[in-house]
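Novice: Structure below; questions to follow.
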Amino acid sequence: MNSTTIHPKLKVCGLTKQEQIQELISMNVDFLGFIFYEKSPRYVLNHLSLEEISIINHQGKTGVFVNEAADDILQIVQKAKLNFVQLHGDESDSFIAELKQKLDPEVKIIKVIRIGNNDSETKNGILQTFSQQPAACNPSPITYYLFDTDGKAFGGTGKQFDWTLLNDLKIPLPYFLSGGISEENIGDIEALQQQPFALDINSKFEIEPGNKDIDRIKKFKNLYQ
């Protein structure tokens with residue numbers, strides 16, 4: 001990315017190892033992603049306790065949830081002292097509004113929009129999502145969107161969707177870009193008319209699920225920041 005580009009923030013998701021988390025903090029990574037979805041190979045509670053997550057000193061601790069009950073999310077957020085809730089499932093707008101009311105006002109919600117084909121049906125579905133925010137909720141209970149590649153596993157596919165689709169949309173909130181981001185395609189981000197607020201990397205920067213390639217992340221970060 002050239003010097004005139006707005007430098008997006010960086011989120012590293014699927015973290016499971018305390019020493020790697022500390023290295024990422026020392027690198028000034030903006031968001032640390034912890035997956036609280038039991039079916040994920042990066043399910044954090046197989047490696048770290050809620051107490052261990054709670055004492056991590058960082059303002060971007062993000063919990064990733066998939067179709068979880070609101071009270072369970074609330075309990076995890078409080079015990080792990082999370083700053084962000086990322087909803088990666090099929091959560092309805094009424095659910096999100098209810099969850100936002102229950103959360104501490106400082107905790108922000110990231111809503112994931114999973115993208116498959118670049119066609120009119122997909123675009124119309126995304127536009128419908130944008131327009132479905134409950135009118136009574138002002139400001140919106142959602143602070144950020146996150147666009148990711150659709151897949152059976154709810155993320156972590158390592159595959160890139162057609163990012164040019166985003167140029168056909170007026171995205172009403174700042175957004176995270178996810179899905180197969182790597183050194184090879186980072187230049188494609190410059191072609192986006194509405195630049196991402198943050199980049200979300202995961203499986204492309206792993207030795208194995210949950211075990212990050214810290215040196216590669218460092219080199220990637222230096223490419224654009």
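Novice: Do you know which residues across region 193-214 are open to solvent by less than 10 Å² (accessible area, probe 1.4 Å), under 13 Å from residue 8 (Cα atoms) and among the hydrophobic types (A, V, I, L, M, F, W, C)?
Specialist: Matches in region 193-214: 198, 199, 201.
Novice: Scan region 45-76 residue by residue and report those that are touching a Ser or Thr at 6+ places or on another chain (Cβ under 7 Å) and touching a residue at least 60 places away in the same chain (Cβ under 8 Å).
Specialist: The answer is 47, and nothing else.
Novice: Taking the residues in region 210-225 that are modelled with pLDDT of 95 or more and assigned to a loop (DSSP other than H, G, I, E, B) as candidates, determine which candidate is farthest from residue 172 (Cα to Cα).
Specialist: For region 210-225, the residue satisfying everything is 213.
The values are calculated or read from the model by the stated rules, or taken from the named source; none is laboratory data. Quantities reported herein were computed from a predicted structural model and do not represent experimental measurements. Cβ: placed from backbone, ideal geometry, glycine included. Neighbour counts: every protein chain shown. Protein only, heavy atoms only, side chains kept; ligands, DNA and RNA dropped before computing areas. Shrake-Rupley method; radii C 1.70, N 1.55, O 1.52, S 1.80 Å.
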